[in-house]
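Peer 1: Structure incoming, see below.
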Amino acid sequence: MRCPNCNKIMKYNQEQKKCLCKACGVKIAVRPNEETCDCCGQEYLKYTWFDPSGCEKCYRSFVD
């Protein structure tokens, strides 16, 4: 994701669920999507393609 202020590449902070621009200090909260695990049907919040990395119920990996 690029910063809307300075157009530099932003870094994703997994703990805060925000994208941070180190160049100008802009922080953007990531809005999650509600998803369902294809394997067991457990609902979860998906922030990025790698967060969460797997299902907490059946432990299926989402990033393999």
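Each value in this text was obtained by applying a stated rule to the coordinates, not by laboratory testing. None of these values were measured; they are calculated from a predicted model. Glycine also receives a Cβ, built like all others from the backbone with ideal geometry; neighbour counts cover every protein chain displayed.
Peer 1: Would you confirm whether or not the stretch 45-52 contains a residue that is under 22 Å from Arg2 (Cα atoms) and either touching a residue at least 40 places away in the same chain (Cβ under 8 Å) or acidic (Asp, Glu) (or both)? Can you show your working first?
Peer 2: Within the stretch 45-52, the first condition is being under 22 Å from Arg2 (Cα atoms), and the residues that meet it are 46-52.
Add one more test, that the residue is either touching a residue at least 40 places away in the same chain (Cβ under 8 Å) or acidic (Asp, Glu) (or both), and what stays is 51.
Scanning the stretch 45-52 turns up at least one residue that is under 22 Å from Arg2 (Cα atoms) and either touching a residue at least 40 places away in the same chain (Cβ under 8 Å) or acidic (Asp, Glu) (or both).
Peer 1: May I pose another question? Hey, among the residues in the stretch 23-54 that are assigned to a loop (DSSP other than H, G, I, E, B) and farther than 20 Å from Tyr12 by Cβ, which one's nearest to the chain's Cα centre (by Cα)? Quick ask: steps written out before the conclusion?
Peer 2: So in the stretch 23-54, the residues assigned to a loop (DSSP other than H, G, I, E, B) come out as 23-26, 30-32, 37-42, 47, 49-50, 52-53.
Now drop any that are not farther than 20 Å from Tyr12 by Cβ, which leaves 37-42.
Details: Cys37: 16, Asp38: 18, Cys39: 20, Cys40: 21, Gly41: 20, Gln42: 18 Å.
Here the answer is Cys37.
Peer 1: Considering only the stretch 56-64, I want to know if a residue exists there that is of a type in the set (A, V, I, L, M) and in a strand (DSSP E or B). Break it down stepwise before answering.
Peer 2: Our first condition is that a residue be of a type in the set (A, V, I, L, M); within the stretch 56-64, this holds for 63.
From the residues that got through so far, the ones that are in a strand (DSSP E or B) too are none.
No, that holds for no residue.
Peer 1: Determine whether the stretch 29-44 contains at least one residue that is charged (D, E, K, R), at negative phi, without any contact (Cβ under 8 Å) to a residue 40 or more places away in the chain and surrounded by 13 or more Cβ atoms within 10 Å (Cβ to Cβ).
Peer 2: Pass one, the stretch 29-44, residues charged (D, E, K, R): 31, 34-35, 38, 43.
Filter once more, so that each one left must be at negative phi: 31, 34-35, 38, 43.
Then keep just the ones that are without any contact (Cβ under 8 Å) to a residue 40 or more places away in the chain; that gives 31, 34-35, 38, 43.
Restricting the remaining residues to those that are surrounded by 13 or more Cβ atoms within 10 Å (Cβ to Cβ) gives 35.
Checked against the condition, which is being charged (D, E, K, R), at negative phi, without any contact (Cβ under 8 Å) to a residue 40 or more places away in the chain and surrounded by 13 or more Cβ atoms within 10 Å (Cβ to Cβ), the stretch 29-44 yields at least one hit.
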